[in-house]
1. So how far apart, in nm, are the two label points at residue 301 and residue 385 if each is 7 Å from Cα heading toward Cβ?
2. Net charge within 15 Å of residue 182 by Cβ-Cβ distance, Lys/Arg positive one each and Asp/Glu negative one each, not counting residue 182 itself?
3. Dipole magnitude of the range 304-353 about its Cα centre, charges +1 at Lys/Arg Cβ and -1 at Asp/Glu Cβ only, in debye to the nearest 20?
4. Given a 1.4 Å probe and every protein chain left where it sits, what share in percent of the accessible area of the range 95-190 is carbon and sulfur?
5. Per DSSP H run of n ≥ 4, the term is -39500 (n - 2.57); total these for the chain, divide by its residue number, and report the mean residue ellipticity at 222 nm rounded to 500 deg cm²/dmol.
6. Express in nm, to one decimal, how much length is gained between residue 420 and residue 285 on full extension, taking 0.36 nm for each residue of separation and deducting their alpha carbon distance.
7. For the chain, what does the relative contact order come out to in percent, with C-alpha contacts under 8 Å and a separation of six or more?
8. Tally up the carbon and sulfur contribution to the accessible surface of the range 268-347 as a whole percent, 1.4 Å probe, everything protein left in place.
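The values are calculated or read from the model by the stated rules, or taken from the named source; none is laboratory data. Computed from a predicted structure; not experimentally measured. Neighbour counts are summed over all protein chains in view; Cβ atoms, including those assigned to glycine, are modelled from backbone coordinates with ideal geometry. Each accessible area value is taken on the protein alone, full model and side chains, heavy atoms only, with ligands, DNA and RNA left out. Shrake-Rupley method; radii C 1.70, N 1.55, O 1.52, S 1.80 Å.
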Amino acid sequence: MLAAAVAPVLFVLATATGPDRIVTNTDNVTALAAADGTLWAATRGGLEEYDEATLVRRRLYTTADGLAANAVVAVAVEGGDVVARTEDAVCVRRGGRFVCTFAAHAAGAAPAAPALFEGARVTERLTVGARTFVATAGRGLWIDGTHPRALTPADQISSNHITAMVRFRGAIWLGSFDQGLSRFDGQRFRRVRAPIRMINDLAVAKDALYVASTRGLFRSRAGEHFQRVAYLDGRGITGLAVDGDTLWAVSPVALWRVPLGGRGWLHGFPLPGGAHAVQAVDAAAGVVWMASEDRGAIRFRGGQFQSFDRAAGLPTSWAVGVAATADGGAYLATLRHGLLKLDADGSARPVPGVPDNWLLHVGRAGDGVWVGTQGGAARVRDGGSIDLVTGLPNPCVHAIATFDDETWFATEGGLAIYRRSSWAARGSTRSSGSAGVRRGQLDERDVFALARP
């Protein structure tokens, strides 16, 4: 039976100025404009400013500079003012920042036969003097000519939609929803050549990087070459978890025990708990928890599977993420019924106060868990307090990880990176005890207002 929720105390994490860094990909260029020796490129990762003479990118404007969103759909220079259009706002540059006014949703471009340039769809051509600039969807900004030249910087993350992050061999590795792998060596981002594009999860175990993808499970010893671990059940791998000398992997219809260090045998458990849509897995102290879209939470303990879903008293059977706890329980992220805390005996209680009931991610974080939702992110502490995160470039948060003194938030609009030293509690307020709000009811501006003292 679902226990009653206890009203949390809410705090703000991060300063009012938002993250210390916003990191995006600008390969998708949507529009161009030029004036007074400057070329402006609207991209899905912000607004780029190029020196028209040297062709050097001077600056990239993002939400950290006042834009309403990193996805800029149009740009123009009107009366000396640079005007950037996002889907829901018109932003005008004032000094070094943009001031935005919310506007009606921007209309999409009229259908037209696509023209290709360097293998990518052309979104706009702009001729300035003797040069013709070409904007593409997916290959960045170019100068046309006998020998076309790419202008978009190459040292970028592979995609604005990152799904997983880990540290491996001294670098931070990032898996994306649609553009494969990239890594950060502490100075630059580099894209990684690998036979995988759609990545669901990453894990590091026994000096190897494991990649869960729609093409199956892959492994790399040095980060240079990737080999398929096994065909498993021939389906994509949706989640990974490491517990001691065992790597646990899940596909939609099976749980797999993958031995590490050359010990043991690969073993599969079909339809765990009767589920046909397993989405995530985590393990701690020998207890394996799975999240599924049809059987809620599934526990594997002592060789036995047990499901915790609506039939067992949960408000839903649709779960998208799980984080195992050291006491044998777990935190369960549901699609639209918020965050649940499951004890070792399977009893559950709702955890109120997270930014939105539509969850996307939950992961362990010391004395609690990080939670990513469709309306922002928060840290839920085991004692009941909740830290809300402000300044995210996009409210949909799919992965959260801490590296040294930084915490990285992977959103659908790029990465937001916060240093611990910049986190400051701006006060607290007692919540009403509500278990959350409906999808779309709470956005990032509302999260900041909710937690303001």
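1. 3.0
2. Working: positive: 167, 169, 183, 188, 190, 191, 193, 197; negative: 27, 155, 178, 185, 224.
It works out to a net charge of +3.
3. Numbers: 4 positive and 4 negative charges, 46 e Å.
Dipole about the Cα centre, nearest 20: 220 debye.
4. On the way: 2710 of 5190 Å².
Here carbon and sulfur together make up 52 percent of the probe-accessible area.
5. Numbers: 1 runs with 8 residues, N = 453.
When only DSSP H runs of four or more count, the value is -500 deg cm²/dmol.
6. Working: separation 135, 0.36 × 135 = 48.60 nm, distance 2.91 nm.
45.7 nm is the gain from fully extending residue 420 to residue 285.
7. Numbers: 1308 pairs, mean separation 71.1, N = 453.
Relative contact order comes out at 16 percent.
8. Numbers: 1420 of 2830 Å².
That fraction is 50 percent.
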